[in-house]
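A quick write-up on the structure given underneath.
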Amino acid sequence: MKPSVPEIGRSLRRADGPSKVTGREKYAADHYGEGLLWAGVRRAGVPHGRILSVDTAEAAALPGVVAVLTGGDVPGTNRQGIVHKDQPVLCREKVRHFGDAVALVIAGDRETLAKAISLVRVRMEPLPGVFGVDDALAPGAPLVHEEWSGGNVLLRATIRNGEAEKALEACPVIVEETFEVPPQAHAFLETENGVAWQEEDGTVVLVVSTQAPFRDKWEVSHALGLPWDGIRVVGPVLGGGFGGKDGATVQCLLALAALHAGGRRVKMWWDREENFLAGYKRHGARLHYRLGAREDGTLHALHCRLFYDTGAYAHLGGEVMALGMEHAGGPYRIPHTLIEGWCVYTNHPVAGAMRGFGVAQVSFAAERMMDLLAGKLGMDPLELRKRNALRQGDRNCAGVTLTASTGILECLERIGGHPLWTGRETWKGQAGPFKKRGVGLAAVWNAMGYGRGLPDSALAKIELTPEGRLRLYSGVSDMGQGNATAFVQIAGHILSQEDETIELIQPDTARTLPSGSSAAGRTTYTYGNALIPACEELRRRIVGRAALMLLVDTLDDLELLPGRVRHPASGREVPLSVLAATMTEHERICISQFLMPVVREVPGTGKEFRIGFPHLFFAHAAHLARIEVDELTGTIEVKDWLAATEAGRVLNPQGFEQQVQGAVAQGIGYGTLEEVKLREGRILTPDFAAYILPGSLDVPEIISLVEEVEEPTGPYGMKGVGEVGANGPLPAIANALADGCGISMTRAPLTAERVLEALRRKGTPGAGETS
Amino acid sequence: MKEVFLPGNLEELWRALEREPAPRPYCGGTDLLVHLRSGKTDPDALVCLERIPELSGVREEEGGLWIGAATTHARLLDDPLVRARLPLLARALSTLGSPPVRNMGTIGGNICTASPAGDTLPPLYALDGEVELRSRDSSRRMPLRRFITGPGETALRPDEILAGVRVTPDGTYNVHHFEKIGIRRAMACSIASLAALLRVSSSGEIEAARLAWGSVGPTVVVSGEAEQALLGKRLTRDVLEDAAERARKAVSPIDDVRASAAYRREVSGNLLLRLMEHRPL
Ligand SMILES: Cc1cc2nc3c(=O)[nH]c(=O)nc-3n(C[C@H](O)[C@H](O)[C@H](O)COP(=O)(O)OP(=O)(O)OC[C@H]3O[C@@H](n4cnc5c(N)ncnc54)[C@H](O)[C@@H]3O)c2cc1C
């Protein structure tokens, strides 16, 4: 693609493309510095224990070691956490999971660091552990946080609309099932890392791989007792995040190390094993469902009990569960709902945000329930979904009346008309020996934005530099999803400048303005909405200045072009470089804020949610999976994929499709392969040899259909598309399995071993009868 | 920091190996480096075999094929002799790791690692491969089945290296079948695999059978009983089910993070059923 003035709705070359493929783009991990020191963490190594002593003498005596710090050395509260401040930077009294941090070591090189970490002597009294939801809720269970008033329950919440229990009794058709999903790892390429140092004036500077640089400032300031304005966080582009870098990873540890490094730079970079051990995960969950319908297939009542395992610390556990509960009924009209949730502490790795935040879990259950119901009713699963699909003006399962764009029905119709669906019976009939083919659907949705209680705001800033070029200050990280490209597209479009000439400043708390986290499908919506008026104002100023310089008395007679303003009537032009030189900084910089609209009529339920409930905007998608199952091995081969997605209007078709593709691939991993396996709190899948991600052969050609339904509040009508696609694959594949093999799977991932076991129990010929 | 020797011929190798303590031989490093990183092994010095011409390549010898230990999987897959005469091995190699791993990893490394999941081993067992072991003063041969003595254990003496493997394919086999179950479709460690060689007569009778399973025992599993069950029979479901039942008795798999023993046992038998699809070449 050639440099051009971007158009909205047309694919634009990625703003980070050339710099990334040539290796010029600097990730946090690429930052070093002269006299660099290395910091690392001594981890607990037990799932639950009381710290008796931490002896640092031997480690500290090792030549090359700069400092060995323990909980007692942490100034401030020593507590981090986005909503609940329950996670120590360095544990003082006890440890709550295998990867808890017990000591921080700073050394001159990595070998010395590793040696010193192994020399920290920790004496620990083991405590009985809490290894799952049942353990956590058992009477007399050991407490993960003795001081927490809720016992092991971080959050217990209820969403109630109508009279679900009574209504269920009146339903002629009821289906009931319990599902389980495991923790999933984000598996980003660039593991958690950063570099930090203290400047002469005391300011602590962090260059860190983070999804939330502005929140990090608060975290560090609170945990270490540093003045808020004495911290600067620089957030370069990320080598992947998916939610796993939303929240403190290395930040507080690095800032603490910087305080002991005498002005030298300190780098911390978790290796893959430490990423598995100490990094955040998607919540494992158990989901109990009862769904009732009328004989004609109209959904009538839903009761579910959802249990989320948040691990040792809250992170965003309550909010993740809240979003899961809000989506528990799927994108359908259900007049009576009772959705109960328990988010519990355990001695498992810390669970937090991940693409499809709480929703990927319930989508499995909700969409399996729809197929179970279709089976019981003898109805076509697509017809059942269409009959109940939410439309604008309906009330969703959380009791919120949908006033924004709602395109799930259109997505389902697109799937229904596609040859992959209409030709499915012929295709299924062509399976080879020992193969069974099945076709499955899933209808999914995903809210955008933080939801009520937490203002979802962005402050956009655009500058015409003194040299006459555009400089765009992004306050919200780009972890690869392409929001920065969208910002360039918007600015270039409004200001008629070629994409290549626009300089992009990545988040830096000293240069860019607070714009929230890179999360919740909100980045382009919220920042984009802030950016449009800022760019429009700058355009007026540029043209206005040109009018003065060219002595033209109406702005309509002037044309803003790449690098210049032109007066077509006379042919006279003024270059932006000349024009900018005449402007003061105040004139050259435009700033604008946007606050995402929220639900006005808040339903009288879900009162336990302090923040993050309910939501106003949703993206929607319908997925179709065609799979082939091997009866001898239980292996699933995903053959074809069709995703019809509605996320408002599309700014950049290429970026949109990339999000769909990536989400489906990640979802196929979640559906068929990925599981953080745990035994008594220990991770049995500690690296990529044991934790298996899908490869190129496991992901089929993905056909992405776009269903555009304008969202009037969005920048150019768009909504966030990053997450919704991750929710479809697990249920679509499970439904295809049921279709092809007649087996109803309730545990994810759908591994060959589980499939074969289900086939065997069903007595399918082909699978060996013995075992 | 470790010392690494890079001999360019056998003489230089023998000299390197005379040092005290002897450096650890390696080739592609695709197994060794993983173990070095995890600390599972920590030799003082290493000696690399990849630049020694005498240890690389494929040639016809004594009516069979000699394959140098330092030959990479990728090179074997490209080799016309291997493709024509050892299709069973070629099929297994095509499932091993990924292109980069096949470009680095060698058949000698796969054999010396002696993992029950080593993908070249079931075919080499079925083909009755023979290893050639050399030191400065000695050269000896033994069947691969004897060379591998346990998981990760071989009969290699401290002064020896594996120089090559010799295979004498029996051209009368007309079914060459290899299948591996991994968690994903490529770059996956074997959960269970089956290598099978059959001679099926024009009337459909099984005249000879060689079967070997990977990843379902401490070393590759062979089962005379399962082979016997096929002889004189046809490739029908009943016959294969009978052999499968014997195979399930012959294997001794373990539970690990990839699969349970029960699953491995079951599929060890099931994999035989795939032979039904085979029409003799
Ligand atoms: C990502 C990845 C994927 C993999 N996938 C597979 C797979 O699908 N299937 C599979 O079977 N394997 C797999 N492997 C393992 C490995 O690649 C193979 O076993 C390979 O054949 C080893 O060969 P190498 O030359 O790299 O061995 P090296 O690592 O060099 O050596 C392995 C061992 O053998 C010894 N050794 C090597 N050559 C000799 C010799 N000539 N004489 C004496 N001792 C010797 C070394 O001392 C060492 O103990 C994988 C490895 C990785 C890293």
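The values are calculated or read from the model by the stated rules, or taken from the named source; none is laboratory data. Bear in mind the structure is a predicted one, so any value in this text is a computation, not a measurement. Every residue, glycine among them, receives a Cβ derived from its backbone with ideal geometry; neighbour counts consider all protein chains shown. To get the accessible areas, we keep the full protein, side chains included, count just its heavy atoms, and leave off ligands, DNA and RNA. Shrake-Rupley method; radii C 1.70, N 1.55, O 1.52, S 1.80 Å.
Remarks
- Estimated dipole of the stretch B:57-169 in Debye, rounded to 20 [Cβ of Lys and Arg +1, of Asp and Glu -1, Cα centre]: 80 debye
- For the stretch A:477-606, the residue among A:V602, A:H586, A:G544 whose Cα projects farthest onto the positive side of the dipole built from Cβ charges is A:V602.
- Filtered GluC sites (Glu not before Pro), the stretch B:22-71: DSSP coil and at most 11 other beta carbons within 10 Å: B:E62
- Theoretical ellipticity at 222 nm over the protein assembly as shown - DSSP helices of four or more residues, -39500 (n - 2.57) apiece, nearest 500: -8000 deg cm²/dmol
- Overall Cα dimensions of the stretch B:1-48, principal axis frame, Å, largest first: 32, 21, 14
- If you sort A:F188, A:F594 by accessible surface, 1.4 Å probe, largest first, the order is A:F594, A:F188.
- Value of D in µm² per second that Stokes-Einstein yields for the stretch A:687-755, Kirkwood Rh from Cα pairs, at 4 °C (1.567 mPa s): 84 µm²/s
- Two-site FRET efficiency, B:R83 against B:D159, from Cβ-Cβ distance with R₀ of 30 Å, rounded to 0.05: 0.30
- Here the stretch A:202-229 is scanned for amide nitrogen atoms under 13 Å from the site 7 Å beyond the Cα of A:K85 along Cα-to-Cβ, giving A:218-228.
- Axial C-alpha extent at least 24 Å, average Kyte-Doolittle at least 0.5 - helices from chain A (DSSP): A:359-377
- Among A:N652, A:A360, A:T501 the positive-end extreme of the charge dipole of chain A (Cβ point charges): A:A360
- The trypsin sites (Lys or Arg not before Pro) found in the stretch B:1-93 that occupy coil by DSSP, while having at most 10 further C-beta atoms within 10 Å, are B:K40.
- Protein-only accessible surface order, largest first, of A:T249, A:T22 at 1.4 Å: A:T22, A:T249
- Taking the alpha carbon gyration tensor of the stretch B:175-278, multiplying each eigenvalue by 5 and rooting it gives semi-axes of 24, 14, 11 Å, largest first.
- A:I505 paired with B:A22, simple spin-label distance in nm, labels 7 Å along Cα-to-beta-carbon: 6.5 nm
- Heavy atoms of B:M276 accessible to a 1.4 Å probe, total area in Å² rounded to 10: 60 Å²
- Heavy atoms of A:E536: accessible area, 1.4 Å probe, square angstrom to 10: 80 Å²
- Expressed in Å, the radius of gyration and Dmax of the Cα atoms of the stretch B:76-165 are 13.1, 37.
- Euclidean distance of C-alpha centroids, the stretch B:7-31 and the stretch B:57-95, integer Å: 24 Å
- For the stretch A:222-268, the Kirkwood estimate of hydrodynamic radius, built from reciprocal distances between every pair of different alpha carbons, is 12.3 Å.
- Zone residues, the stretch A:426-450, relative to B:R237, backbone N less than 20 Å from point 7 Å out along Cα-to-Cβ: A:429-438
- Cross-link partners of A:K267 among lysines (Cα-Cα below 23 Å; sequence separation of 8 or more within a chain): A:K20, A:K26, A:K115, A:K217, A:K245
- Estimated at the nearest 10 Å², the accessible area of A:L558 is 20 Å² with a 1.4 Å probe.
- For chain B, the relative contact order comes to 14 percent (Cα pairs under 8 Å, sequence separation of at least 6).
- Computed from the C-beta positions of B:S138 and B:T172 and an R0 of 25 Å, the FRET efficiency is 0.10 to the nearest 0.05.
- The loop-placed chymotrypsin sites (Phe, Trp or Tyr not before Pro) in the stretch A:27-120, going by DSSP, that have at most 14 neighbouring Cβ atoms within 10 Å of their Cβ come out as A:Y32.
- Each listed q (0.12, 0.15, 0.21 Å⁻¹) maps to a log10 I(q)/I(0) for the stretch B:75-129, found by the Debye formula over equal Cα scatterers with no solvent: -0.24, -0.37, -0.75.
- Share of pairwise Cα separations in chain B, more than 35 Å, in percent: 18 percent
- Helix axis angle, B:261-273 relative to chain B longest principal axis, alpha carbon, degrees: 60 degrees
- When A:T70, B:T149 are compared by accessible surface with a 1.4 Å probe, the order from highest to lowest is B:T149, A:T70.
- Size descriptor, Kirkwood hydrodynamic radius, that averages inverse alpha-carbon separations across chain A, Å: 27.3 Å
- Here the contact order of chain A, divided by its residue count and restricted to Cα pairs under 8 Å and six or more residues apart, works out to 16 percent.
- All distinct Cα pairs of the stretch A:483-626 go into the 1/r average, and the inverse of that average, the Kirkwood radius, is 18.4 Å.
- On full extension, the segment bounded by B:E12 and B:L33 gains 5.3 nm, given 0.36 nm per residue less the C-alpha separation.
- Placing +1 on the Cβ of every Lys and Arg and -1 on the Cβ of every Asp and Glu, with nothing else charged, gives the protein assembly as shown a dipole about its Cα centre of roughly 700 debye.
- Debye, to nearest 20: dipole size of the stretch B:1-48, +1 on Lys, Arg Cβ, -1 on Asp, Glu Cβ: 220 debye
- Farthest toward the positive end of the dipole of the protein assembly as shown, out of A:W342, A:G528, B:L10, is the Cα of A:W342, where the dipole comes from beta carbon charges about the Cα centre.
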